[in-house]
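Peer 1: Take this structure first; my questions come after.
The values are calculated or read from the model by the stated rules, or taken from the named source; none is laboratory data. Keep in mind that this is a model prediction, so the values were computed, not measured. Reconstructed Cβ throughout: ideal geometry from the backbone, glycine too, with neighbour counts over all protein chains shown.
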Amino acid sequence: MNEAELDAGLVQTPGYRYAERVGDQLFVAGQVPLDGDGELVGADDPVGQAIACLENLRTVLDVNGFAVDDVRRVTVHVVGPHQNLLDAWAAVRDWFGGSVPPATLLGAHLLGFGGQLVEIDATVIADG
């Protein structure tokens, strides 16, 4: 189900696809801060986790033939105090070079993996 993503070094998802391509669009599941061995990256570090999520997003984009500039919407989920949201958002802003596509930043009570503070999903549409 995720063969290309696994070949690119991402960890197996628990029963869902990383992304679904529909024509020139790519709907990307929430990217989590896990390395290729399934280990959490950036424990207690919302910036490190946001960057890990975004780098996993970049891998999904590459595998599916899209570029970062094709990202049209992101949702950033962050666990913890308000400062975690601010820190994760700063990492997202920097990663996109200050030009973030339409985005939603949400505080969350809990995410799927123990110690996970950040998760980022995206909608992607290729130009012409």
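Peer 1: Residues in region 45-60 that are within 23 Å of A8 (Cβ to Cβ) and surrounded by fewer than 21 Cβ atoms within 10 Å (Cβ to Cβ): how many?
Peer 2: Number satisfying all stated conditions: 5.
Peer 1: How many residues are among the aliphatic types (A, V, I, L, M) and exposed (fewer than 13 other Cβ atoms within 10 Å of the Cβ) when one looks only at region 90-112?
Peer 2: So the answer is 2.
Peer 1: A further question follows. For D87, indicate whether it is within 20 Å of D44 (Cα to Cα), surrounded by 15 or more Cβ atoms within 10 Å (Cβ to Cβ) and among the acidic types (D, E).
Peer 2: Yes, satisfied.
Peer 1: Return the residues of region 1-34 that are in a loop (DSSP other than H, G, I, E, B) and more than 20 Å from V68 (Cβ to Cβ); say none if nothing qualifies.
Peer 2: First pass over region 1-34, keeping only residues in a loop (DSSP other than H, G, I, E, B): 1-2, 8-18, 23-24, 32-33.
The answer is M1, N2, V11, Q12, T13, P14, G15, Y16, R17.
Peer 1: Can you name the number of the only condition in (1) closer than 17 Å to V11 by Cβ; (2) free of Cβ contacts under 8 Å to residues at least 60 places away in the same chain; (3) of a type in the set (V, I, T) that V79 fails?
Peer 2: (1)
Peer 1: Sticking with this structure for a sec: If you take the residues of region 113-128 that are within 20 Å of A19 (Cβ to Cβ) and in a loop (DSSP other than H, G, I, E, B), which of them is modelled with the lowest pLDDT? Working first, answer last.
Peer 2: Here is the first cut: in region 113-128, the ones within 20 Å of A19 (Cβ to Cβ) are 113, 116, 118-127.
Next, only the ones that are in a loop (DSSP other than H, G, I, E, B) stay: 113, 116, 126-127.
Values: F113: 95, Q116: 98, A126: 96, D127: 84.
Here the answer is D127.
Peer 1: Say whether the condition of being of a type outside the set (F, W, Y) and under 18 Å from V11 (Cβ atoms) is met by at least one residue in region 89-111. Steps first, answer last, please.
Peer 2: To start, the set of residues in region 89-111 that are of a type outside the set (F, W, Y) comprises 90-94, 97-111.
After this cut, where a residue has to be under 18 Å from V11 (Cβ atoms) as well, the list is 111.
Yes, region 89-111 contains a residue that is of a type outside the set (F, W, Y) and under 18 Å from V11 (Cβ atoms).
Peer 1: Next up: When region 71-112 is examined, which residues are found to be under 17 Å from I51 (Cα atoms), outside any helix (DSSP H, G or I) and hydrophobic (A, V, I, L, M, F, W, C)?
Peer 2: Hits for region 71-112 are V71, V74, V76, V78, V79, F96, V100, A103, L105, L106, L111.
Peer 1: Now for a different question. Kindly provide the set of residues from region 113-124 that are surrounded by 15 or more Cβ atoms within 10 Å (Cβ to Cβ) and either free of Cβ contacts under 8 Å to residues at least 40 places away in the same chain or farther than 15 Å from A52 by Cα (or both), ordered by number.
Peer 2: T123, V124
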